[in-house]
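A short worksheet on the structure shown next.
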2 protein chains.
Amino acid sequence: MTETPPTSFGYDLIATDGHARRGRISTAHGPIDTPAFMPVGTAGTVKGMMPENVAATGAQIVLGNTYHLMLRPGAERVERLGGLRRMMDWHGPVLTDSGGFQVMSLAALRRMSEDGVTFQSHLDGSRHHLTPESSIGIQHALGSTITMVLDECTAHPAPHETAADSMRLSMRWAARSKEAFQPRPGFALFGIVQGSVYDSLRRESAEALTAIGFDGYAIGGLAVGEGQDEMFRVLDCTLPFLPTDRPRYLMGVGTPADLVGAVRRGVDMFDCVMPTRSGRTGQAFTRHGKINIRNARHQDDPRPLDAACDCPACARFSRAYLHHLNRSGEILGAILMTWHNISYYQDIMAEMRAAIGQGRFSETAAAIEEGWSKGDIDRT
Amino acid sequence: MTETPPTSFGYDLIATDGHARRGRISTAHGPIDTPAFMPVGTAGTVKGMMPENVAATGAQIVLGNTYHLMLRPGAERVERLGGLRRMMDWHGPVLTDSGGFQVMSLAALRRMSEDGVTFQSHLDGSRHHLTPESSIGIQHALGSTITMVLDECTAHPAPHETAADSMRLSMRWAARSKEAFQPRPGFALFGIVQGSVYDSLRRESAEALTAIGFDGYAIGGLAVGEGQDEMFRVLDCTLPFLPTDRPRYLMGVGTPADLVGAVRRGVDMFDCVMPTRSGRTGQAFTRHGKINIRNARHQDDPRPLDAACDCPACARFSRAYLHHLNRSGEILGAILMTWHNISYYQDIMAEMRAAIGQGRFSETAAAIEEGWSKGDIDRT
């Protein structure tokens, strides 16, 4: 028996349409067609979903959160269980963040230094120290297909000087992360552009990262309150300074409208808790805009959430039943709403990929946006 | 195109082994191999499970609770949505209880009379009146394959006179329920034996019901605190007075040991929230007894919950991962534990059915019980 040589990590640009890019990422754990949306599997599970059902929506990669996993069940334990993919029975690639973002948003008693960040767990108050080197080590233990450098997500708003200092710290950490990363065929390390809303800082950051050299480039520090217009403006002044032969990943974004706008500008990868978190509170994203299934107007409605969707929630159940499940706090309500939202996110990504390949991205994007603007078909 | 004539409701006794019975129930919505365990789908969902996954465990029928469904989403609404089976996308038969049991255990301000019971909803305090006729009417609206008569579940312990009065009220209600029931091919109405722990009352009740004539006979008022020995004794003095050509259903029972003991005595059908409710609190029933997956001893255990089980929880995930999910309050933890418990319940029912057919029920039952007595394989 001969072994297949391991796939090397790479990005193939298949087609462009304006700035929008249709591509394919090769990894040790399977391909990722881009533009791609990555469902978030915070603590080793995409909340409420069996992994094969996540895959069946079209998702090819899921994201895990280093902060959550290092605290519980613990990176060494995950490693003993064969890594994150084996533990959660996810067959495709996984991307893990560095832990830095959640240290800032969740942990108590954070103390930053040049070396790294010391914090207390939000779960049990235990003390931890995260450095570029330890973050990369943890992500190795998790078996991440795509590892992210440790960075500081600059708070918004930040004065220019604060944003510059923060970004330059992240750049030094990026270099240390690269140093600590163990290259393996088909695995990747991504750098993260910071610089707040300042064009010159974003450019400086993009150029600094490109000089270090990464397998892919993320844009961090957005969707933190600056608003969609400002986010798009920052993308417009950042993306030109990133290499075209590497994937670009907009972290923590976003709404369906954010995805369409960012794909239009040349972003290849996204992650966000929105489809899963919203699903658990009865919010659905549909071809006709947002729906709150808990609203009384759905209580007798025999129609599906989204008539054009073929997910189980839409193909087999009525709005009235979904309303009932969600009002009753039934687990199946969270399951079905999450399933639909992930399906819808994957569906619009697939639509956009096909449109870019056929040179009709603008028309497709306009049609998607027009659907939302009509409002729910039910509003009579 | 010619229409298939509707299946009539019936019970075929295929084999006996001692008192244990292997049979098959025919219904308008598909067959039920007996002895059978019916997972409970209280409010129109087996909590945490997709209906096709419930079916894949081997379950052929699920139970719905009239009390819950009449209050939310409401029987008329369920009817407009095509009935309970259509609403919840369950393709097999459903059995609904009469609502009486939950009125007693959940509702506020209950007032009993010869006519029926008046109560306030535990959800919103709204006032409702349930009579034998209205209970049957509600179950018709739900589209129940098997309808249960309204009865009073006699509290335990009850003095003989109280138990006698209560049972005789239930018998008068049984006659009214029969009168109200609309026979349709393949649909059934079951009577319910009451009489507390008194042999003579149980016999009187069984004979009264048989005289009225039902499609099946349930034994109610057990598993209410009398203990397993007493429950088995009551079964031994009740079952001989029930017709052998109709299914016998022990309501609200029970543990795996209860099921084995009751099948040995000639019971054909069971329902209980135990596998689903326990699953949501991290309790698993296995071939080696009960396991609390939240216990720290599982936190590094790469082995499955039950090595002989082929449910997804056991076939694809480690105890360590299940421990993590359950300790983290992840929905997937409840899903997988529930899935396993329902699978295990179905597996022991299937084992018992096969054993009865082959005349080796005693050996099979002894082997099942011996497995539990060994304790978890993990306890070292």
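Values computed for the structure shown
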quantity: Percentage relative contact order, the stretch A:92-176, counting C-alpha pairs under 8 Å, at least six apart; calculated: 31
quantity: √(5λ) per eigenvalue of the Cα gyration tensor, the stretch A:52-140, largest first, Å; calculated: 26, 13, 12
quantity: Around B:GLN120: net Lys/Arg minus Asp/Glu count, Cβ-Cβ under 11 Å; calculated: +2
quantity: Cys with no candidate disulfide partner in the protein assembly as shown (beta-carbon separation under 4.7 Å rule); calculated: A:CYS153, A:CYS237, A:CYS272, A:CYS311, B:CYS153, B:CYS237, B:CYS272, B:CYS311
quantity: For the stretch A:1-101: relative contact order, % (alpha-carbon pairs under 8 angstrom, 6 or more apart); calculated: 23
quantity: Peptide-level mean, for B:318-330, of C-beta atoms on other protein chains within 10 Å; calculated: 5
quantity: Heavy-atom surface of chain A, accessible at 1.4 Å and reported per residue (Å²); calculated: 37
quantity: Where only C-alpha atoms are counted, convex hull volume of the protein assembly as shown per residue in Å³; calculated: 200
quantity: Copy-to-copy label separations for B:ASP199, where each label sits 7 Å from Cα toward Cβ, in nm and ascending; calculated: 9.7
quantity: Listed residues A:MET70, B:MET231 arranged by accessible area, highest first, probe 1.4 Å; calculated: A:MET70, B:MET231
quantity: Cα point-scatterer Debye curve for the stretch B:78-199, base-10 log of I(q)/I(0) at q = 0.22, 0.23 Å⁻¹; calculated: -1.28, -1.33
quantity: Where the Cα pairs of the stretch A:137-267 fall when distances are cut into 10 Å bins, in %; calculated: 13, 45, 33, 8, 0
quantity: Sequence of A:HIS156, B:HIS324 from largest to smallest accessible area, 1.4 Å probe; calculated: A:HIS156, B:HIS324
quantity: All Cα pairs of chain A, percent lying beyond 25 Å; calculated: 55
quantity: Reciprocal mean inverse distance between Cα atoms of the stretch B:190-233 - Kirkwood radius, Å; calculated: 10.8
quantity: Paired Rg and Dmax values of the stretch A:223-380, which use every Cα atom, in angstrom; calculated: 16.8, 53
quantity: Total accessible area lost when B and A pair, probe 1.4 Å, Å² to nearest 100; calculated: 3300
quantity: Rounded percent of accessible protein surface that carbon and sulfur make up, the protein assembly as shown, 1.4 Å probe; calculated: 51
quantity: Contour minus Cα-Cα distance for B:ASP229 and B:GLU76 (0.36 nm per residue); calculated: 50.9 nm
quantity: Accessible heavy-atom area order of B:ASP258, A:ASP268, A:ASP115, highest first, probe of 1.4 Å; calculated: A:ASP115, B:ASP258, A:ASP268
quantity: Inter-probe distance in nm under a simple model that places probes 7 Å from Cα toward Cβ, at A:CYS237 and A:ASN292; calculated: 3.7
quantity: B:ARG316 accessible area, 1.4 Å probe, all protein chains in place, Å² to nearest 10; calculated: 60
quantity: Cleavage-rule hits (GluC sites (Glu not before Pro)) in the stretch A:96-193: DSSP loop, at most 13 neighbouring Cβ within 10 angstrom; calculated: A:GLU114
quantity: Residue-level accessible surface for A:ASP229, protein heavy atoms, 1.4 Å, Å²; calculated: 120
quantity: Surface accessible to a 1.4 Å probe, A:CYS309 within the full protein complex, Å²; calculated: 10
quantity: Alpha-carbon centroid distance for the pair the stretch A:312-380 / the stretch A:235-290, whole angstrom; calculated: 15
quantity: Net charge dipole size for the stretch A:300-339 [Lys, Arg +1 and Asp, Glu -1 on Cβ; Debye, nearest 20]; calculated: 40
quantity: Charge dipole magnitude, Cβ of K and R +1, D and E -1 - the stretch A:191-296, Cα centre, debye nearest 20; calculated: 600
quantity: Kirkwood Rh, Cα atoms: Rg over Rh of the stretch B:164-208; calculated: 1.06
quantity: Label point 7 Å beyond Cα of B:ALA307 along Cβ direction - residues of the stretch B:330-349 with amide nitrogen under 19 Å; calculated: B:344
quantity: Charge dipole magnitude, Cβ of K and R +1, D and E -1 - chain B, Cα centre, debye nearest 20; calculated: 700
quantity: Threshold 10 Å² - residues in the stretch B:78-101 whose accessible area is reduced by that much or more when the chain is no longer isolated, probe 1.4 Å; calculated: B:ARG80, B:LEU81, B:ARG86, B:MET87, B:MET88, B:ASP89
quantity: Prolate/oblate/rounded label for the stretch B:109-177 (Cα gyration tensor, a/c 1.5); calculated: oblate
quantity: For the stretch A:139-212 and the stretch B:71-130, distance of Cα centres in Å; calculated: 58
quantity: Sorted largest first, extent of the stretch A:303-380 alpha carbons per principal axis (Å); calculated: 46, 27, 17
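The values are calculated or read from the model by the stated rules, or taken from the named source; none is laboratory data. For clarity, every value in this text was computed on a predicted model and none was experimentally measured. Cβ sites come from the backbone with ideal geometry, for glycine too, and all protein chains shown count toward neighbours. Note: areas computed on protein heavy atoms with side chains; ligands, DNA, RNA excluded. Shrake-Rupley method; radii C 1.70, N 1.55, O 1.52, S 1.80 Å.
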